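What follows is calculated from the coordinates using simple rules that are stated; it is not laboratory data. Because the structure is predicted, anything quoted here is derived from the model rather than measured. Note: ideal-geometry Cβ built from the backbone for every residue, glycine included; neighbour counts use all protein chains shown.
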Amino acid sequence: MTDRPSAREFLALVTDDFTELPRPAGQSPPDGPLGWPGYDAARARAAERTGEEESVVCGTGRVAGVRAVLLAFEFGFLGGSLGRRTGDRLEAAYAHAREHRLPVVPLVATGGSRMQEGMLALTQLQRVARESALTREAGLAQVAVVRDPATGGGWATLGAGADVVLALPGAQVGFAGSRVRPPDADPAAYTAEAQVAAGSADAVVPAGELRSTLGRWLRLLTAGWDGPAPVPGPLGARDLPVSGWDAVRRARAPGRPRAGAYLDAYFTHRAALSGDRCGGTDPDGMLCGFGEHAGRTVAYAAQTGAATRPAGYRTATRLIRLAGRLGIPVLTLVDTPGAANDAEAEREGAGPAIAELFGAVAAARTPVTTLVIGEGGSGGALALAAPGRTWATPDSYFSVIAPELAAAILKRGPGEVEATADQLRLRPQDLAELGLTRTGDQLFPGTGDRRSEERM
């Protein structure tokens, strides 16, 4: 990026109003805690140039109408570096957020820890991490905006450690700053766009759209339901399949409504989470995010009909845990022939990723509602399903294994696949009769609602 607004200019860009918090009292010893020659003079020059006394400006403001605590870094003040006085301000701001139950918005532009304060500066990262963790435990959202540059420990705590990470186009973002990277390092890897592609940030947002986008996220993350998410109505077939193979055929039909259609019908607007924070994304297999339904927020994790990759399962796990901390119910849409089973998926940790999602659903702190909208392929689909709170549309099926694979394992010929599908009892009405899914008038007209006596 060529244009680098000051902290206060950036605050004016994203807030409707801003009130700075009182600055913690205290003075540094001459030339700082290490007695670094010329440190006081450098600070004085930075103050004269920027009009600030430290590298961060902390206060409260409204972002598109939503009140929040904002932490805006001033890169012109010694490269936005973190020192002890920076830590004092950040600690006080986080404490204010918890006291007043406000979300926190770090606006990160920093080169890292301040060398003139040595290890005392570096340990401010631990201090910031603790404040962020306490705020997370208090059930308050943290939405970071990474500016240019966002490197070092500031990126690795205030930026990458936030619940949602938005980035400005072309911003330099990465743990290693430009002066400490290997000489042959690809600079394209240290950009906002690269961090989104790697699953470490959620979206690149142009500066002109930042206030509205940030405000939308803050509204969504602070307006959950008191109970479970309502079950969506079916968008496809209303009549039940006559046979097991008919159920499979309908679920695999190219024209059958997919996750995107269900999400569009269910939400008035939504915002997507992207990435597993472990280096991966699965945009073709899993859609995750938060949306508004009937004026309240519901989180969603939706399979798209493709094989789900490990990054997709990890992103869904991230979503369910975040929703639980924020008190937001979750809607999951099951639609996959199964988990990706190629060699690369194994190298990416398919088993552990699925195990983590099973655990997240089992331990969810808010209700999870599941609708099977297409194929329910074995454990790769079951991992996303809520025990005791799963419904199935008339054009879906759920099976321990695909009929073709079941026939092959049983050494049956191709002509016996359809009969095998019947034996598997995978139709939506079979699942309800077995007590594995719930029924309701919105899915099976005239059935009322029967709760499962067993857990899936």
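Of all the numbered requirements in (1) crowded, with 24+ Cβ neighbours inside 10 Å; (2) farther than 20 Å from residue 63 by Cβ, residue 167 misses one, and that requirement is (2). Every condition in (1) in contact with a Ser or Thr (Cβ under 7 Å, 6 or more places away or on another chain); (2) under 21 Å from residue 388 (Cβ atoms); (3) assigned to a strand (DSSP E or B) is met by residue 299 except one, and the failing one is (1). Just to verify a result, which residue in the range 317-334, among those that are touching a helix residue (DSSP H, G or I) at 6+ places or on another chain (Cβ under 6 Å) and either closer than 23 Å to residue 252 by Cβ or free of Cβ contacts under 8 Å to residues at least 24 places away in the same chain (or both), is surrounded by the fewest Cβ atoms within 10 Å (Cβ to Cβ)? Here the residue is 333. Anything in the range 64-84 that is touching a strand residue (DSSP E or B) at 6+ places or on another chain (Cβ under 7 Å), part of a strand (DSSP E or B) and closer than 19 Å to residue 12 by Cα? List them, or say none. Residues satisfying the conditions are 67, 68, 69, 70, 71, 72, 73. Restricting the first member to the range 163-174 and to residues that are free of Cβ contacts under 8 Å to residues at least 60 places away in the same chain, and the second to residues that are among the polar types (S, T, N, Q), the beta-carbon pairs closer than 6 Å and six or more apart or on different chains are 173/195; 174/151. So, residue 147, is that one under 23 Å from residue 70 (Cα atoms) and of a type in the set (Lys, Arg) or not? Against the criterion (under 23 Å from residue 70 (Cα atoms) and of a type in the set (Lys, Arg)), residue 147 qualifies.
Being closer than 17 Å to residue 309 by Cβ and surrounded by 24 or more Cβ atoms within 10 Å (Cβ to Cβ) is the filter here, so list the residues in the range 368-380 that pass it. Listed by number, the residues that qualify are 375, 377, 380. Taken as a whole, the condition of being among the polar types (S, T, N, Q) and surrounded by fewer than 19 Cβ atoms within 10 Å (Cβ to Cβ) applies to residue 28. Being more than 19 Å from residue 261 (Cβ to Cβ) and not polar (S, T, N, Q) holds for only one residue in 327, 305, and it is 327. Residues in the range 301-316 that are crowded, with 24+ Cβ neighbours inside 10 Å and polar (S, T, N, Q) were compared, and the one that is farthest from residue 164 (Cα to Cα) is 308.
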